[in-house]
Structure formats: structure tokens, C-alpha cells
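In what follows, a structure is listed as C-alpha cells, so that the remarks can point back to it.
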Amino acid sequence: MIKYLVRLVLLAFLAQPCAAQTPEAVSRSVDEFVVSKMKALGIPGLAVAVVKKGEKVKVASYGLANTEWKRDVTEHTNFQIASCTKLLTSTLVLKTVYAGKLNLNDPIGKYLDSIPASWKPIKVRHLLNHSSGIREFRGDAYASTATVVRALMDSTLEYTPGTKQHYAQADFMIAGYILEKIYGKPFPQLLKDEVTTPLNMKDGAFDMEQRVGSFMRTDLVPQKATTYYELDGRLRAYKFIYPQYTYTAGGYFASLDDMVNWAIGLDKEVLFPDAFARPLQYGQDSVGNHLSEFTRAGWALGEEKSLLYAGHSGGPGLGDVWRFPEEGYTVIVLSNDGELLPDFARAIASFYIPGLERKTEIKKFER
């Protein structure tokens, strides 16, 4: 009976409107929620941050970054953020557009030489919202970007540009190739010079994996988390292969501190004004006879009862980042569970944002 009453009190507490709780109470509720879900689902490690209008509201880490060495997750643990890398690439795109070096309505032929006739209708914006029709490259994971671009030019389009959408890594790969042409630098160096260094993102990097004869070589990434999945009742370590030609689409290792500084940098308009960026980060173009599923900046878009938010996930739940422009919140969740689905950031947001329905179901899939 006592346990039942305690549960009722806890549920009533969690159900209170955000404004009715102190910041400390909300933070404790989030901790209890995260820890309970990690225990129930067997999630090795997790890092959570909430930023509001350029200020840290919550920064917390849970569990292990490496189960073999029993290393705790910290705010400087570098997680594989997978397709959340696109948020960093789109930040670079926005900076380039603001500087007048790129126009989203430009045909990509303005920046690339000798494109086939079928590519001439493709505009830069088609790459960002995944409506270009360019097919995925299926071939050598260690080929150069120029080799891959040439191979894609020699293939047929999946559909007429701007008429359909197909989420494809090739779109951001071509966008990155254009950025390399504009700046005259390889993308990893370009991202460091133009985005991560100015935003005080000091921890993360690409590991630059490369096959050399019969072995694999990588750069060292400090405090890099190991990614895991469960097989036959036991945790197994695994590493997804991110070809360097897709680094604009995925493969970056970032810490919670990095992603917090990214959000603060956007809030404080370090790289470009919010008034310039907002219509691109949250606005949609039409694709065929419907609105795009992605924003003009290439972010995934959500809307619930007039609450608009956008961001990206990756892995599918290694990285999970949502920004709520009207409320001023950014919610960031990083994990090393390779089977986690991207539900955590949206769930945690509901603890802070009045009017956002409380959705606390967290799921995994079998890899």
C-alpha cells in the first residue's frame, strides 16, 4: 500500500506543469527518468544537456563510456554523433551563405565542373533538403571524394530534382565537396577552422579511419566512447565505418561540452545573426506537391500543437538534438548505445517546455 501511494505521489509530481516546479526539482525529475530508462533498457552511457537562450540549464552524464575499463561518461567524453554531424555541416553552410560565398538557389554547376545534363537542374537547396535525386554511392569505402563524385555523375538520377525526397548521405557529400571547392580546404580542416574552433568546441574530431594494407589506421580522439550493442544477451563493441567522403553527413566524434558550445554559439549569434538563420533552420520549401520533410538548412522538422522544433538525430540514437526556437531551448542527448532510438531529447524537452506533451517512452531496436 505504501509503495502504491509513493508511486502515485511521484506520478503526480512528474505530471505537474514545468512552471510549477523549481529548476532543481525539474533537474531531479530528469535524472530519475534517465536513470530508470537506462537501467530498464541496459544503456551503457549517456550525456544530457539543456540550454536556454545561450545559458546552461542542465549538464549531466550517466553510466560508462567504456565498459571494459569502467570509464565514466563525462561532459568531455567524445561520442560518435553519426548524422548529427549534419548539424555542424549545415552550420558551416549557413556561415558560407551569410558571407555571400554561396547561394542556396544557385545551380550546383556554378561550383562543380563538367556536370552531366541531368544534374543541371539541381540547386544547392536540393542537396540540403534531400530532394536532388542523386543516388547513394555503393563502392569502395576508402575512395577519394573526387572519385565518388565522378562515379555519381556517371550514374542516373533516382528522380527529377525537386520532385521527391529520399534521405541520402550523397546529398551532404556533394554539398561538402562544394564547400571544399569554395574554401580550398579538405572538409575536416574546414569544419575546424570555420565552425568548431570559433564556437569553442575543443574536444571532438573525425578519427580519419583509413585502410592501410591489411590493417586499419585511425587518428587518436581523446576520451572516445566505445559504442555497444547487445547480442545473445551480452554487450558487444562495434564501430560503424564512416567513409571520409561522407564526413559531411556523419562520422564526427563530439562531446557534450562541444554540443553545448555549439548551441550557445547559435544562441549568441557568434557566426551569423539569428534573424538571418532562423528562416533557413526552421523554414520549409515545397517538394513536388507537399512541404519538405527537412528545413532549408537540412534539419529534421517537428511540430506539435503549434510548437515548432528542428534538429537532427544520428545512429539512430547516438546523437539526438532538438532546438525549440520560440521557447529558446536546445536539448542534447548523446549515447553509446547502438540500438537506442532517438526518443530521449524530445522526452526530456517535455520536462521543461509547458504545452509540450509528456512522451516518456524510450525504445530500442535489435541491430
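Values in this text are rule-based calculations from the coordinates and carry no lab data. Predicted model, so just to flag it, every value in this text is computed and none were measured. In this analysis, Cβ positions are derived from the backbone assuming ideal geometry, glycine residues included, and neighbour counts consider all displayed protein chains.
A few points about this structure:
- Calculated [222 nm] ellipticity per residue, helices only, for the chain: -9000 deg cm²/dmol; basis is -39500 (n - 2.57) per DSSP H run with n ≥ 4, divided by all residues, nearest 500.
- For the stretch 58-115, the normalised intensity computed at q = 0.12, 0.13 Å⁻¹ comes to -0.55, -0.60 (log10 of I(q)/I(0), Debye sum over alpha carbons, equal scatterers, no solvent).
- Computed over the chain, Cα set: Rg, Dmax in Å: 20.9, 76
- V270 versus D193: modelled label distance in nm, points set 7 Å from Cα along the beta carbon direction: 1.8
- Charge dipole magnitude, Cβ of K and R +1, D and E -1 - the stretch 273-367, Cα centre, debye nearest 20: 40
- Each label was represented as a point 7 Å from its Cα along the Cα-to-Cβ direction; for L41 and D106 these points are 4.1 nm apart.
- Distance histogram for the stretch 251-367 (every C-alpha pair counted, 10 angstrom bins, percent rounded to whole numbers): 13, 42, 36, 9, 0
- DSSP bridge orientation in the chain - percent antiparallel, rounded to nearest 5: 95
- With kT/(6 pi eta Rh) evaluated at 25 °C and eta = 0.890 mPa s, and Rh the Kirkwood radius from Cα pairs, the stretch 187-303 diffuses with a coefficient of 143 µm²/s according to Stokes-Einstein.
- Computed over the stretch 45-94, relative contact order equals 26 percent, with contacts defined as Cα pairs under 8 Å that lie 6+ residues apart.
- Between amide H atoms placed 1.01 Å from N, distances below 5 Å from L64 occur with G45, L46, V73, all of them 5 or more places distant or on a separate chain.
- Per residue, the average separation of C-alpha pairs within less than 8 Å and at least 6 apart gives the stretch 242-367 a relative contact order of 14 percent.
- Of all lysines in the structure, the ones whose alpha carbon falls short of 20 Å from that of K359, not counting any fewer than 8 places away in one chain, are K37, K39, K58, K305.
- Net charge contributed by nearby residues that have their C-beta within less than 15 Å of D113 (K/R +1, D/E -1): +1
- Using a cutoff of 8 angstrom between alpha carbon atoms and counting only pairs six or more residues apart, the relative contact order for the chain works out to 23 percent.
- About its Cα centre, the chain has a charge dipole of approximately 120 debye under the convention of +1 per Lys or Arg Cβ and -1 per Asp or Glu Cβ, with nothing else charged.
- Percent of beta bridges antiparallel (DSSP, the stretch 224-336, rounded to nearest 5): 95
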